Amino acid sequence: MTTPENLPHQDLPNQDAGKDVLAAKLASTASLIERMTALAVFVALLVGVFLVVKPFVTGILFGGILVIATWPLRDLMVRHGGSTVLASGLLLLAAVATIGLPAVFLAPGLAERMVKGLQQGQTYFAGMPEFPGWLASIPFVEEPLRRLWTDLADPSSVVQEVFKSYSAELQRALVEIAKAFADGIFQVLVSLAVATLFWLRGDTLAHAIRDIADRLGGATAVAALDSAADSVRGVAYGIVGTAAIQAGLMTFGLLLAGVPGAAVLGFVSMLIALSQFGVLLVFIWGGAAWWLFGLGSTGWAIFIIVWGIMVSTVDNVIRPWLVSFGAALPLTLIFFGVLGGFLAFGFLGLFIGPTLLGVFVNLLDAWRRAASPTASPASVPPSGPSALAQGVVPVVPTAATKDALAPGE
């Protein structure tokens, strides 16, 4: 017969099982709390790091772009016996000469000079100047030029009314661009410091980044990293490099002809070239030629016209070669990258914006190709002159790009 004294002994296994379940639940809860606490601490740490580096984000991004774009040159110098210190010093001197010094000397008074030039043009046409005799001597186009001149010089014309309506907004836009350029001087200095650090310790940093990418996403992430570097180089060489060459050539020609404000006009030429509206360069060299013709310097005026036509069209030769080192980016996205980058990051955003879009588009395309092993040759971005006609920057894939696409091939 079962007695009450025997019941606890019979239920003992069930009690032990219940205690084990409870202990497991408590351990799971404690583990969850610990993980949530660790996650909260990590998020707080990330927020703190972001707040610390936030004032320098633009400079860090531009410095990183500069390093990725110049890394093959740095690697070439190191492989041929140069030390990393020597290579970094030479690259820093080149960056200071081509970026730092022009920015420092051009920034003061840039807004005043740009607005003054606009106002001088308004004042000139407000005085109802007579139709220049040298324009009347141009065959076939004399009559259209005369009508255009009349519209420009007539205060009651539609052209003048429209220009007056938007002149204030145009002046404000010029002031904002110049102000953003001046504000970007600090970020330029930060970017040079960051670039120097990366040039010196870039090997260690690159190894760490590749290890992190490999741990997070394996070989696919590493390939995507190489593809992103290709994108940065493609935009830096094909877009920024082409614009810089055009601006430099334009400035050189204006200086040679003795046109005042050549540095400011060269700066405006770079903005126009970056926006991919190269046809607008005609206002730069056309205005300079106009001024020279007015002074009676016919020879220099003809030189500027020929030089300006060459500068306006040289991108069709330079860009296809330069972008062969990197990745493709449709010209429409370049325009939005330049404009959006300027609004988001200031002056240096003109370079950062299209670069970030280029990285995003190239990574998205690499992911799409990796997910479609039967990708046809027709899906390969076009290259050569036909690509330019379609509004796409042509590409000749590099070895890194081919490696990035290897998983999907």
Legend entry - Residue-by-residue Karplus 3J(HN,Hα) for the range 304-317, coefficients 6.51, -1.76, 1.60, Hz, glycine and proline x: 5, 5, 5, 5, x, 4, 5, 5, 5, 10, 5, 5, 5, 9
Inset, instruction - Starting with the highest mean, order 74-86, 351-363 by the number of other Cβ atoms within 10 Å, averaged over the residues of each peptide. - result: 351-363, 74-86
Inset, instruction - Give a residue-ordered list of calculated ³J(HN,Hα) values for the range 99-105 (Karplus: 6.51 cos²θ - 1.76 cosθ + 1.60, θ = phi - 60°; whole Hz; x for Gly, Pro). - result: 10, x, 5, x, 5, 5, 7
Legend entry - Residues Leu256 and Arg210, FRET efficiency given R0 of 45 Å [Cβ-Cβ distance, rounded to 0.05]: 0.40
Inset, instruction - Could you calculate the FRET efficiency of Phe50 with Ile309 from 1/(1 + (r/R0)^6), where r is the beta carbon distance between them and R0 is 35 Å, rounded to 0.05? - result: 0.15
Legend entry - Apportionment of accessible area to carbon and sulfur, the range 217-333, percent (1.4 Å): 79
Legend entry - Per residue value of the accessible surface for the range 223-273 (all protein chains in place, 1.4 Å probe), Å²: 28
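What is the extension gain from Lys25 to Asn316, computed as 0.36 nm multiplied by their sequence separation minus the C-alpha to C-alpha distance, in nm to one decimal?
Numbers: separation 291, 0.36 × 291 = 104.76 nm, distance 6.91 nm.
Gain on extension, Lys25 to Asn316, equals 97.9 nm.
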Inset, instruction - Give a residue-ordered list of calculated ³J(HN,Hα) values for the range 247-257 (Karplus: 6.51 cos²θ - 1.76 cosθ + 1.60, θ = phi - 60°; whole Hz; x for Gly, Pro). - result: 5, x, 5, 5, 4, 4, x, 5, 5, 5, 7
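The values are calculated or read from the model by the stated rules, or taken from the named source; none is laboratory data. Just so it is clear, the structure is predicted and the values come from calculations on it, not from any experiment. A quick note on method: Cβ atoms are made from the backbone with ideal geometry, for glycine too, and the neighbour counts reach across all protein chains shown. Keep in mind that these areas ignore ligands, DNA and RNA; they rest on the heavy atoms of the full protein, side chains included. Shrake-Rupley method; radii C 1.70, N 1.55, O 1.52, S 1.80 Å.
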